[in-house]
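Worksheet for the structure shown next.
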Amino acid sequence: MARPIVAENAPTVAVPRPKRWDHPLDPTLTNRDVQWLLLQTPFREIDDQTFPSSSRIKDILKNDSRILRYQQGDLILREGDYGGSAFLVLSGCVRVILSNLSPQGMDHQATTRKSSLLAKLRDSLKRWDIPEQIVPLQKFGTRDGRTAIRQVDQRPRIFLQDVDVVLRSCESEPLGPGEIFGELAAMTRAASHYSVVAVEETLVLEIRWQGLRMLRRDRGFRERLDARYRSNSLRTHLRESPLFQHAPDHAIQEIIAATELVSAGEMEWYASFDSARSMDVQRRIEKEPMIAEEGSPAGALYLIRAGFARLSHHQGSGHRTVSYLGKGQAFGLTELAHNYRLDTAEDPLPFQYSLRAIGFVDLLKIPKSIVYEYVLPYVRTSELTPLIRQPRITSDGKVTLINKRDDPDTSIETDLLEFLVDHRLINGRDTMVIDLERCTRCDDCIRACARTHQGNPRFVRQGVQHENWMFAHSCMHCADPVCLIGCPTGAIARDLETGAIAIQPQTCIGCGTCAKSCPYDNIVMVELHDSKGRQLVDAKSQLPILQATKCDGCRESPIGPACVAACPHQALYRIDMSELRTLQELMKRD
């Protein structure tokens, strides 16, 4: 990304440029603490020579970790919290609660307060004549006396008043020194599947995911994480699905032992997104990694645990998208259940559709024999998909032309579905959609956004279009926010409770990695100024100091997104793209 040159004679202020580890997760962590950590499992088993000289294990621990002390009953991780860190038990014991944890019995203060309506009104009446301002750099890293790296610092601590009673009523598993939890949510940028509570005084090492990602360079550490997932998290993952709810423990153990962890595509799929977007749609589909192909034997059940996959079939000389699958959905169940119930061992139906990775997808693959013996016998018939009355592909490979309405998810028009999948708009959980037939270009939405953000609008009213609907360049707060992947400081992260993606200006170093990573061009790098309007420049290079900005969803506003509230023509909407029927109903309105 080209750096702009400061205009001659423009008033500037020279400041040091922010660096990667200017603001460690815990500024009070000492070198002595780090040396002690290096003697603990698993760090003492890691080969330090496999790491770059600029990022040794001691550097990762010093800057990307902190030691936390918990008392009995302290809730360390809540089910539904979005992952930003993994946690390693150093001493003591915690329990992973595998069943839903009721709010009853929890003691906690109110969550972070939103700005008052009066304060927002007062801000809206101000004149903001200075572009993007910044707090003095020497004050970076603190706010109200707390580190500004992660929002968890601002949440009240929650504890279970009667932890023994709660644990007796819940399914749970113990974890002791050397064991890790929260790693899957951290690496996949997803919500936690379970809660974790301290059952005695416990020391825990929190490792934010930037450091966790670097530690995975070590093969032994990676294998430890995979073993941990298989022995604990996989059980939780399976129990969450209705498909396994009634399976006995011995069946779950057999399923866990036989399940294969499969990944397809590239986790950093955004790198090739622009080049793929310029391809012909059919060629793009053909280049997507194949997970299971139509017509091949239905030999396994696939469960998606992260990412998206395309469900399609051959049509003429190309392919037609009939649906897409996301986290928690299954592929192959219809065919396996059909063959199992009709006992078609001699003449089984193959997969009726193909499954391809859209960017990156992480799956569980359960062999057919295990599904037949340990899954389907414990699933109620009413919970299974109907028998396939008219197969699209028969056991001898013959393709039968069937009506479009027999395809899965036919409530979504094919052209709309393919548009959303091809542009990966299915990733959005708070997508700005504008009805161009109602929009008069009055700019009330942009002015409202500017008033809410000190004179600086956070979106651009441009974007890809489907018929009369525009999907504007505004942060979609994605289900898979790839903008988080390369951020070296954790300045861009999920809100742990709402899932919104936010940039903390105090720790943004202006590297532009998130802006380059965003496949939708929804993050903008801006030049910064001090309170007097003078441009901030690097003391060494004299180049402008930049910072990443984007839509924050007006998360502190009591009235929600200012752009939506300001539109006088009801032309602007925020849509969760996982609810495609809602979008289609909106598009079909009068």
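The values are calculated or read from the model by the stated rules, or taken from the named source; none is laboratory data. Because the structure is predicted, anything quoted here is derived from the model rather than measured. Note: ideal-geometry Cβ built from the backbone for every residue, glycine included; neighbour counts use all protein chains shown. For the accessible areas, the whole protein counts, side chains as well, though only heavy atoms, and no ligand, DNA or RNA atoms are used. Shrake-Rupley method; radii C 1.70, N 1.55, O 1.52, S 1.80 Å.
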Note to self: Looking at the stretch 570-590, I want the residues that are free of Cβ contacts under 8 Å to residues at least 60 places away in the same chain and have a partner that is among the hydrophobic types (A, V, I, L, M, F, W, C) with Cβ atoms under 8 Å, at least 6 apart or on another chain. Which pairs are those?
What the structure shows: Thr582/Ile575
Note to self: Considering only residues that are more than 23 Å from His473 (Cβ to Cβ) and in contact with a strand residue (DSSP E or B) (Cβ under 9 Å, 6 or more places away or on another chain), which ones fall in the stretch 532-588?
What the structure shows: Lys532, Gly533, Arg534, Gln535, Leu536, Val537, Asp538, Ala539, Lys540, Gln542, Leu543, Ile545
Check: How many residues are small (Gly, Ala, Ser), touching a Gly at 6+ places or on another chain (Cβ under 7 Å) and either closer than 11 Å to Ile291 by Cα or surrounded by fewer than 20 Cβ atoms within 10 Å (Cβ to Cβ) (or both) if we restrict to the stretch 345-370?
Finding: 1
Margin query: Can you list the strands (runs of 3 or more DSSP E) lying wholly within the stretch 477-590 that have 2 or more residues being under 30 Å from Pro16 (Cβ atoms) and over 24 Å from the mean Cα position of the chain (by Cα)?
Written below: 524-527, 535-538
Notebook entry, point to check: Could you say which residue among Pro505, Pro481 is at pLDDT below 90, over 19 Å from Thr582 (Cβ atoms) and either touching a His at 6+ places or on another chain (Cβ under 6 Å) or open to solvent by 20 Å² or more (accessible area, probe 1.4 Å) (or both)?
Noted result: Pro505
Next item on the list: Give the residues of the stretch 340-386 that are in contact with a strand residue (DSSP E or B) (Cβ under 6 Å, 6 or more places away or on another chain) and of a type in the set (Gly, Ala, Ser), sorted by residue number.
Entry: Ser354, Ala357, Gly359
Margin query: Considering only the stretch 258-272, I want to know if a residue exists there that is under 26 Å from Thr414 (Cβ atoms), among the polar types (S, T, N, Q) and in contact with a Phe, Trp or Tyr (Cβ under 7 Å, 6 or more places away or on another chain).
Written below: no
Item checked: Filtered residue count, the stretch 34-54, keeping only those that are closer than 20 Å to Ile180 by Cα and part of a loop (DSSP other than H, G, I, E, B) -> 6
Next item on the list: Answer yes if at least one residue in the stretch 396-418 is open to solvent by less than 30 Å² (accessible area, probe 1.4 Å) and modelled with pLDDT of 90 or more, and no otherwise.
Entry: no
Check: Within the bounds of the stretch 311-327, is there any residue that is open to solvent by less than 30 Å² (accessible area, probe 1.4 Å), free of Cβ contacts under 8 Å to residues at least 40 places away in the same chain, on the phi < 0 side of the Ramachandran plot and out of contact with any Leu (no Cβ under 9 Å at 6 or more places or on another chain)?
Finding: yes
Notebook entry, point to check: Does Gly510 fit the bill of being on the phi > 0 side of the Ramachandran plot and in contact with a His (Cβ under 9 Å, 6 or more places away or on another chain)?
Noted result: no
Checklist line | Identity of the residue in the stretch 432-448, within 14 Å of Gln570 (Cβ to Cβ) and assigned to a helix (DSSP H, G or I), that ends up least open to solvent (accessible area, probe 1.4 Å) | finding: Cys445
Notebook entry, point to check: Being among the small types (Gly, Ala, Ser) and more than 30 Å from Gly182 (Cβ to Cβ), is that true of even one residue in the stretch 301-315?
Noted result: yes
Next item on the list: Quick one: which residue in Leu580, Leu586, Leu543, Leu572 is in contact with a Phe, Trp or Tyr (Cβ under 7 Å, 6 or more places away or on another chain), aliphatic (A, V, I, L, M) and either over 22 Å from Gln504 (Cα atoms) or at pLDDT 85 or above (or both)?
Entry: Leu586
Check: over 19 Å from Arg44 (Cα atoms), modelled with pLDDT under 80 and in contact with a Cys (Cβ under 9 Å, 6 or more places away or on another chain) - does that describe any residue in the stretch 178-193?
Finding: yes
Notebook entry, point to check: Does Leu387 count as in contact with a His (Cβ under 6 Å, 6 or more places away or on another chain), over 29 Å from Ala190 (Cβ atoms) and surrounded by fewer than 22 Cβ atoms within 10 Å (Cβ to Cβ)?
Noted result: yes
Note to self: I'm checking my understanding of the structure. Among residues of the stretch 1-52 that are open to solvent by 30 Å² or more (accessible area, probe 1.4 Å) and touching an Asp or Glu at 6+ places or on another chain (Cβ under 8 Å), which one is modelled with the highest pLDDT?
What the structure shows: Asp47
